[in-house]
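K.L.:
Mind having a look at this structure? Questions to follow.
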Amino acid sequence: MKKHFLLMLVPCRPSFAQDMNEEEKKIMQAHSAYLRDWMNKGRILLFGPVLDPLGAYGLGIAAVDHEDEVTEITKNDPATALHKYEVYPLLATLPEIKQDQTLSL
């Protein structure tokens, strides 16, 4: 059974999404590609920015076999050069999938 975690990427400054420089943009592009790779491996279910009026931040949902995988994902994310992660266990409720159905997010 998979364990689920909420990943919150806390930006280095509240205005980051509005005023990042070119180097920061490159890091964030690498971050997106990195998480997409984990998504293709089935370990990240979704990720993206939360457009909070008080300051945007990143959010992701991980589905892993062992908590160590979450540590690996967050520790090696290029975005950690700028930001920090907060990770919380998530007691996820998922839909039941019948044999002839697929789950789409």
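K.L.:
Mind listing the long-range amide H neighbours of residue 57? Cut-off is under 5 Å, sequence gap 5 or more, other chains count too, H placed in the peptide plane at 1.01 Å from N.
P.N.:
50, 52
K.L.:
Beyond 15 Å, what percent of the Cα pairs of segment 3-90 remain?
P.N.:
Values: 2120 of 3828 pairs.
Above the 15 Å cut-off, segment 3-90 has 55 percent of its Cα pairs.
K.L.:
How much length is gained on full extension from residue 41 to residue 80, taking 0.36 nm per residue of separation minus their Cα-Cα distance?
P.N.:
So the chain would gain 12.0 nm between residue 41 and residue 80.
K.L.:
Net charge around residue 61, counting only other residues with Cβ within less than 12 Å of its Cβ (Lys, Arg = +1; Asp, Glu = -1)?
P.N.:
+3
K.L.:
For every helix of n ≥ 4 consecutive DSSP H residues, a contribution of -39,500 (n - 2.57) applies; sum these over the chain, divide by its total residues, and give [θ] at 222 nm rounded to the nearest 500 deg cm²/dmol. Intermediate results must be reported in sequence, preceding the final value.
P.N.:
On the way: 3 runs with 32 residues, N = 105.
Taken over the chain, the calculation gives -9000 deg cm²/dmol.
K.L.:
Same structure again: At 0.36 nm per residue, minus the direct Cα-Cα distance, what do residue 2 and residue 71 gain on full extension? Give it in nm, one decimal, please.
P.N.:
23.3 nm
K.L.:
Ignoring trypsin sites (Lys or Arg not before Pro) that are buried or in helix or strand per DSSP, and keeping those with at most 15 other beta carbon atoms within 10 Å, what is the longest stretch of the chain between them? All intermediate terms of the calculation are to be shown ahead of the outcome.
P.N.:
Numbers: sites that count: 2, 41, 98.
By the stated rule (loop sites, at most 15 other Cβ atoms within 10 Å), 42-97.
K.L.:
Local charge sum around residue 17 (other residues, Cβ-Cβ under 13 Å, Lys/Arg +1, Asp/Glu -1)? Mind showing how you got there, number by number?
P.N.:
Numbers: positive: 13, 25; negative: 19, 24, 52.
Net charge around residue 17: -1.
K.L.:
List the lysines whose alpha-carbon lies under 21 Å from that of residue 25, not counting same-chain residues fewer than 8 positions away?
P.N.:
List returned: 75, 84.
K.L.:
Enumerate the aspartates and glutamates that residue 41 could reach by cross-link, defined here as Cα to Cα under 19 Å, with residues fewer than 8 away along the same chain left out.
P.N.:
Residue 41 reaches 65, 67, 68, 69, 72, 77.
K.L.:
Treating only the Cβ of Lys, Arg, Asp and Glu as charged (+1, +1, -1, -1), what charge dipole size does the chain show about its Cα centre? Round to the nearest 20 debye. Working shown, then result.
P.N.:
Numbers: 11 positive and 15 negative charges, 19 e Å.
Using only the charged Cβ atoms, the result is roughly 100 debye.
We did not get these values from a lab; they are worked out from the coordinates using the rules stated. Computed from a prediction, not measured in an experiment: that's the story for all the values here. Counting neighbours? That spans all protein chains shown, and the Cβs are built from the backbone with ideal geometry, glycine included.
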